[in-house]
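A.B. asks: Before I ask anything, here is the structure I am working with.
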Amino acid sequence: MNAKIELLSRVPLFQGLSKRQLAQVASFADEIDLPPDRELTHEGATGTEFVVIIDGVADVTRNGELINKLGPGDFLGEISVVTGWPRTATVTTRTPSRLLVMSSQALRSLLHRMPQVQATVLDTLVARAGT
């Protein structure tokens, strides 16, 4: 658990949280390692997970076109998880990647308990949903 807390403390989304709060976040997330070329989300699919990239790089594509690259500290999946809308893009690991994954239920619980995390996620959701 301490290693997961250390990973979380380096993620901008969770900076400013106390060690106790980071432990709470860690209890909601599963840590996974994936190889390159693993699809994390698929454009148009229903989303059930929120993902934070700890290490690695992922490509974001829409309609088959590369629109963004994500790296350590970036997160994805919040639009579909929070709104229930279909995934807005396909995200695929470009390199070996370490991720923290939360179910939609875990994310909702986290957002309810931690307003500072909620504000960041919702600000990002609004910015991304508008593109």
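The values are calculated or read from the model by the stated rules, or taken from the named source; none is laboratory data. Here the structure is a predicted model, which is why all the values come from computation and not from measurement. Cβ atoms come from the backbone with ideal geometry, glycine included; neighbour counts cover every protein chain shown. These accessible areas exclude ligands, DNA and RNA; they are computed on the full protein's heavy atoms, side chains included. Shrake-Rupley method; radii C 1.70, N 1.55, O 1.52, S 1.80 Å.
A.B. asks: Taking only pairs six or more apart or across chains, which ones have beta-carbon atoms under 6 Å, a first residue in region 18-36 that is more than 28 Å from ASP59 (Cα to Cα), and a second residue that is in a helix (DSSP H, G or I) and open to solvent by less than 60 Å² (accessible area, probe 1.4 Å)?
C.D. replies: As it stands, the answer is ALA23/ILE5, since those pairs meet every condition given.
A.B. asks: Does region 16-31 hold any residues that are within 21 Å of VAL91 (Cβ to Cβ) and either more than 16 Å from the chain's Cα centre (by Cα) or open to solvent by 60 Å² or more (accessible area, probe 1.4 Å) (or both), and which are they?
C.D. replies: The answer is ASP30, GLU31.
A.B. asks: In region 35-58, how many residues are open to solvent by 30 Å² or more (accessible area, probe 1.4 Å) and more than 18 Å from THR88 (Cα to Cα)?
C.D. replies: 5
A.B. asks: Which of the residues spanning region 77-87 are at pLDDT below 90 and surrounded by 16 or more Cβ atoms within 10 Å (Cβ to Cβ)?
C.D. replies: Correct list: GLY77, GLU78, ILE79, SER80, VAL81, VAL82.
A.B. asks: Restricting to strands (runs of 3 or more DSSP E) lying wholly in region 36-112: which have 1 or more residues that are under 25 Å from GLN21 (Cβ atoms)?
C.D. replies: On the way: elements: 39-41, 49-55, 58-62, 65-70, 90-93, 97-103.
It comes to 49-55, 65-70, 97-103.
A.B. asks: Within region 9-35, can you find the residues that are assigned to a helix (DSSP H, G or I) and touching a strand residue (DSSP E or B) at 6+ places or on another chain (Cβ under 7 Å)?
C.D. replies: Our first condition is that a residue be assigned to a helix (DSSP H, G or I); within region 9-35, this holds for 9, 12-14, 19-28.
Answer for region 9-35, where residues must be assigned to a helix (DSSP H, G or I) and touching a strand residue (DSSP E or B) at 6+ places or on another chain (Cβ under 7 Å): LEU13, PHE28.
A.B. asks: Hey, can you tell me all the residues within region 90-101 that are surrounded by fewer than 22 Cβ atoms within 10 Å (Cβ to Cβ) and either at pLDDT below 95 or within 13 Å of ASP30 (Cβ to Cβ) (or both)?
C.D. replies: Kept after step one, since they are surrounded by fewer than 22 Cβ atoms within 10 Å (Cβ to Cβ), are these residues of region 90-101: 90, 92-96, 98, 101.
Passing the criteria: ARG98, VAL101.
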